[in-house]
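Report on one structure; see the data block that follows.
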Amino acid sequence: MITVCATREGRKIESYTTTWVVEPQRQRLVIVGTLHWSEELAALCRQAGWEVFRLTSSSELPCAILSRRPQVVILPLQTQDESGFLIAAKVKQARPRTRILLVGNGVDPSAARFARFVGATYVDSNLGLAALLREISR
């Protein structure tokens, strides 16, 4: 509740009280590209109250991601125009608290190390949707 008083020359001329309702900000998830389980992932996250954005690869992908102010970003290791590692580094530079999950096929220790280097987490897509949901909820 907020009370506002308007004055003119030191005299109170009007006053009113108002209540502002501030809704908590919804968690935002950005999914880049098409993954074979991305539809199920988007549906599950929406059911959990997340705001989900689907983006295709483009030359301005880091800007498109940042404009949505996500808490979590899911990226493939390679988009049409640039490396997922490079996109992850750009997003982390601009928004350090954003969690970035780089999705690859199979166990790849070097990709996992490089993902950590740029501030992201490597996720093996062969582990399925449950593994990705665990990483999102961390």
Would you tally the residues in the range 92-129 being crowded, with 17+ Cβ neighbours inside 10 Å and in a helix (DSSP H, G or I)? 6
What about SER83, is it under 14 Å from the mean Cα position of the chain (by Cα), without any contact (Cβ under 8 Å) to a residue 12 or more places away in the chain and on the phi < 0 side of the Ramachandran plot? no
Any residue at all in the range 80-100 that's under 18 Å from GLU39 (Cβ atoms) and modelled with pLDDT of 95 or more? no
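The values are calculated or read from the model by the stated rules, or taken from the named source; none is laboratory data. The model shown is predicted, which means the values in this text are computed figures rather than measured ones. Ideal geometry is used to build each Cβ from the backbone, glycine not excepted, and the neighbour counts take in all protein chains shown.
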